[in-house]
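Okay, so here's the structure we're looking at.
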Amino acid sequence: MDIGSARDGATADQMIGIEHRNSLTISRLPTELLLGIFRLALPEIRFSTRYVEIWARSYMKTLCRMHSVTKRWQVVIEGTPSFWTLLSSTFPSHVNKTNILRSSELPLMVLYQGSEIGDETEYLSAAEFLKHIASTCLRWSTVALDFYDPTTMSDYLGAPLPLLREVVVRSSRYRNRIAEPQKLLGGETTNLRVLEVSGVSIHWRMGCFVQLKSLTLKHLSRHSLTGSQLLNMLDASPGLQVLNLKGISMPTPPPSLTITLHHLKYLKLHSCAIKLVEWICHQIRTPSCTRVVLSMDDEQVFDIPRFLNETLKPFHGLLRSIHRQLEESEILLDSNGMQWYGFDYTLDGRGLCVFIEGFFDPLFLQWVNHILQDEPGLQITFSSGATSNEAVLRGLALMRNVTKVVIRHSWQGGGISEALQFLGRPLSTTTSPPSLPCVREIEIPTGDWDVQEVLDMVQSRFHAFLREGTEEPLSTIKVNRGTFYSISAPRSILHLTSLVKIRQASGVKRLQIEGWKDPKGILAVVWDEEISKP
């Protein structure tokens, strides 16, 4: 039955009948299929996200709504213990009691969200919540704790918990870092698979994470963990797949024998002390790694050429391999520095990112060019302040692995005209190809440029190839029409005659209009009173 057509002329009573018949049809499905539909409808809860409590509440609301649809749905959902394994301090007490009863003896997921001083949200205190759920502690498999004051952590994690496989502990007071170190699970951590610690000091014990798959450490105090302890943890975790360190500074011993982490897939070092980053890059090898993120802030002074060419040398082949597998990567040029990145945005996707804040130097381009060698597929993106450094532009012009250029709107104003002029100028005053001679695709934003500027750029590139005696590769020009926002001034509307001129220019293979998550090919019709006069 076509529900859409039935609804068009239906009365209110008829609509109720249609909906009732639909629910009855679904209710006739086999229980296994119905359970599969329910599981797909429930939102996934990722305990590593800062907003896990929002997802937890959404999960329970969705479950309760489905529970109230029909009698059969109610029976099926109540009789499925795996739907009721979540306990949270943000839930009303009766909801947690119900979940404990209906979950039977299955392992439980425990979420505590603390309130900061001045926060008007009324959550249970750590002691009150623990009192309600303490009898279930032997069933805990995942514990996510977000404390304002981490000293109460020991009440939850001070004793061994035999089923615990995932621990996420955060403190919003991490910048003070004054709390005394806490003993994690009484030292019995051999069953842990996932550990994330942010702003909380832990009593670390050598070789205690033999089954660990993911280790995330953020904003620990300098002396709460030493390099020797970290190295021992990595050496004792042969199955480690994720290593994520952020804002970490720790004493590091002299370099010793390297450790090979055969199963490590994801390595992220973000805003860590440069000595720690150099030490880790020297100490570990990651033959199976498919995702590397290295981000250095501008608060540290260090030898950048040495860091790129020597410290990161063990990762050069890996970065080239990731680029080749992605078939593309991008260098972003803006006033904050240079960033080389590329990602496959799936859950376990491949990716790379190397960013040194405040570093805007042709040396970075030379380094990327050296790593990629002859691999094509590099994109250059011009953003705010990207065209202000002539030395960078000269180094960029020679790169033959660049096949795409994207020009963005600049919050500083200008920049688009300069980028177009750069693309149009030859490499030298004598017969030579234009800057970035292998570019096949150029994307420009809507507005802030004149059609003649684009035509001059295209014609200049075309004639540069003619002077050299080679055939110019045809280019695709993409115009991003942008988005209209109610809080900002409207963007310029593209004029059809301007677009036709660009498409007809020699050297242009195709002109494409596009926008993010919008249907392609949409144009606005501009009414011109002068042109329209009879």
Filter the stretch 32-62 down to the residues that are free of Cβ contacts under 8 Å to residues at least 24 places away in the same chain and open to solvent by less than 80 Å² (accessible area, probe 1.4 Å) and list them by number. 36, 37, 43, 49, 58, 62
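To keep it simple, each residue is scored yes or no on (1) open to solvent by less than 40 Å² (accessible area, probe 1.4 Å); (2) at pLDDT below 95; (3) of a type outside the set (S, T, N, Q).
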| residue | (1), (2), (3) |
| --- | --- |
| 276 | yes, yes, yes |
| 280 | yes, yes, yes |
| 290 | yes, yes, no |
| 295 | yes, yes, no |
| 299 | no, yes, yes |
| 304 | yes, yes, yes |
| 326 | yes, yes, yes |
| 338 | yes, yes, yes |
| 346 | no, yes, no |
Only one of these conditions is not met by residue 398: (1) of a type outside the set (Val, Ile, Thr); (2) more than 25 Å from the chain's Cα centre (by Cα); (3) open to solvent by less than 20 Å² (accessible area, probe 1.4 Å). Which number is it? (3)
Hey, could you check the stretch 404-427 for residues that are in a loop (DSSP other than H, G, I, E, B) and modelled with pLDDT of 85 or more and say which is most open to solvent (accessible area, probe 1.4 Å)? 408
Can you tell me which residue is least open to solvent (accessible area, probe 1.4 Å) among those in the stretch 368-386 that are under 17 Å from residue 404 (Cβ atoms) and of a type in the set (S, T, N, Q)? 381
Residue 29 meets each of (1) open to solvent by 40 Å² or more (accessible area, probe 1.4 Å); (2) modelled with pLDDT of 90 or more; (3) among the hydrophobic types (A, V, I, L, M, F, W, C) with one exception, condition (2)
Subset of the stretch 215-229, residues open to solvent by 30 Å² or more (accessible area, probe 1.4 Å) and over 11 Å from residue 198 (Cα atoms), comes to 222, 223, 226, 228, 229
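Residue 330 - would you say it is charged (D, E, K, R), open to solvent by 40 Å² or more (accessible area, probe 1.4 Å) and either in contact (Cβ under 8 Å) with a residue 12 or more places away in the chain or not in a loop (DSSP other than H, G, I, E, B) (or both)?
Details: charged (D, E, K, R): yes; open to solvent by 40 Å² or more (accessible area, probe 1.4 Å): no; either in contact (Cβ under 8 Å) with a residue 12 or more places away in the chain or not in a loop (DSSP other than H, G, I, E, B) (or both): yes.
Here the answer is no, as residue 330 does not meet what is asked.
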Provide a single number: the residues in the stretch 428-455 that are farther than 13 Å from residue 477 by Cβ, open to solvent by 60 Å² or more (accessible area, probe 1.4 Å) and modelled with pLDDT of 80 or more. 2
Regarding residue 351, is this residue in contact (Cβ under 8 Å) with a residue 40 or more places away in the chain and out of contact with any Lys or Arg (no Cβ under 6 Å at 6 or more places or on another chain)? no
Residue 468 passes all but one of the listed conditions (1) surrounded by 12 or more Cβ atoms within 10 Å (Cβ to Cβ); (2) modelled with pLDDT of 75 or more; (3) more than 35 Å from the chain's Cα centre (by Cα); the exception is number (2)
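Considering the stretch 91-102 alone, what residues qualify as being of a type in the set (S, T, N, Q) and in contact with a Phe, Trp or Tyr (Cβ under 6 Å, 6 or more places away or on another chain)?
Going residue by residue through the stretch 91-102, those that are of a type in the set (S, T, N, Q) are 93, 96, 98-99.
Within the stretch 91-102, 99 is the sole residue that qualifies.
The values are calculated or read from the model by the stated rules, or taken from the named source; none is laboratory data. These figures come from a predicted structure and were not determined experimentally. Cβ coordinates were reconstructed from backbone atoms using ideal geometry, including for glycine residues, and neighbour counts include every protein chain displayed. Protein only, heavy atoms only, side chains kept; ligands, DNA and RNA dropped before computing areas. Shrake-Rupley method; radii C 1.70, N 1.55, O 1.52, S 1.80 Å.
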